[in-house]
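The values are calculated or read from the model by the stated rules, or taken from the named source; none is laboratory data. Predicted model, so just to flag it, every value in this text is computed and none were measured. Using ideal geometry, Cβ is built from the backbone for each residue, glycine included, and neighbour counts are taken over all protein chains shown. Please note that ligands, DNA and RNA were not included when accessible areas were found on the heavy atoms of the full protein model with its side chains. Shrake-Rupley method; radii C 1.70, N 1.55, O 1.52, S 1.80 Å.
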Amino acid sequence: MDQTIQRLDQEAERAVASLVGQRIQALLSESASIEAGNSLVEVLSVSIQLGKKRFFVLESDWGDTPKEWLDYHCLTARIAAQPRGIKYNPKPPKNGGHYRFDHLSLNLGAEAAVATVEVLESVTVGESESAIYDAGLVITRVDGLRVAVVRADSILGALLIAHSPVDIAAVTSGLSVRSRYGA
């Protein structure tokens, strides 16, 4: 059986590991889609501010295996000086804000440190091919708040943000923890 494996690269793994201990308060995205009656937020990327000019940025893309066209996703993570697709000024004018309000900001409540980050893996098996890939992250803060950012099952390369226990269970169903950073 032919196997496709798509994992976070070393730079992305370092970026994910660097989240542990960071105090976070919001998830940012340049766009968002929410269906009526649903609390899952679909985004093209997630940016998390870690410092004045330091952001964790998570994105997804997708690919297909060559024979059976099994879908798999390609997560990328990096540390950047700016959030992805959001106008940000690290030195705003007096009485001005750091951000232009043309983006999604999912407020996580009071700022708290990240205790753990889990990298989730998905496996798809066909008749002659399989695909194993990193499908998302579950971030747990020291105050117990959990949020999952997981690939959307679509060819958009989008991500789903789940912030309630029920939604986290739904989007992580069938996925396994490949690695865990933190306590």
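Here are the numbers for the structure shown:
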| item | result |
| --- | --- |
| Distance between modelled label sites at Ile155 and Asn107, nm, 7 Å Cα→Cβ extension | 3.9 |
| The stretch 55-72 - phi-based ³J(HN,Hα) in whole Hz, Karplus 6.51/-1.76/1.60, Gly and Pro as x | 9, 8, 10, 10, 9, 9, 9, 9, x, 10, 5, x, 9, 9, 6, 6, 6, 9 |
| Under the Karplus curve 6.51 cos²θ - 1.76 cosθ + 1.60, θ = phi - 60°, whole-Hz ³J(HN,Hα) for the stretch 125-142, x wherever Gly or Pro sits | 10, x, 6, 10, 9, 9, 9, 10, 8, 6, 10, x, 10, 10, 9, 10, 8, 5 |
| Placed amide H near Ala26: partners under 5 Å, 5+ positions off or other chain | Gln49, Leu108 |
| DSSP beta bridge pairing in the chain, given as percent antiparallel to the nearest 5 | 90 |
| Among Ile168, Ile79, Ile155: highest mean-square fluctuation, GNM of the chain, C-alpha pairs under 10 Å | Ile155 |
| The chain - percent of accessible surface contributed by carbon and sulfur, probe 1.4 Å | 51 |
| Selection from Leu108, Ser39, Ile168, by position along the positive dipole direction of the stretch 2-182 (Cβ) | Leu108 |
| Inter-label distance, nm, simple model (7 Å from Cα along the C-beta direction), Val142/Glu127 | 5.5 |
| Expected-Rg normalisation [2.2 N^0.38 Å, Cα atoms] applied to the stretch 1-77 | 1.36 |
| Cα→Cβ-extended label distance, 7 Å offset, between Gln25 and Met1, nm | 4.8 |
| Pairs of alpha carbons in the chain whose separation is greater than 27 Å (percent) | 26 |
| Gln6 long-range amide H proximity, modeled H, under 5 Å | Ile132, Tyr133, Asp134 |
| Accessible area per residue in Å² at 1.4 Å probe, computed on the chain | 51 |
| Compactness relative to 2.2 N^0.38 Å, alpha carbon Rg of the stretch 109-155 | 1.55 |
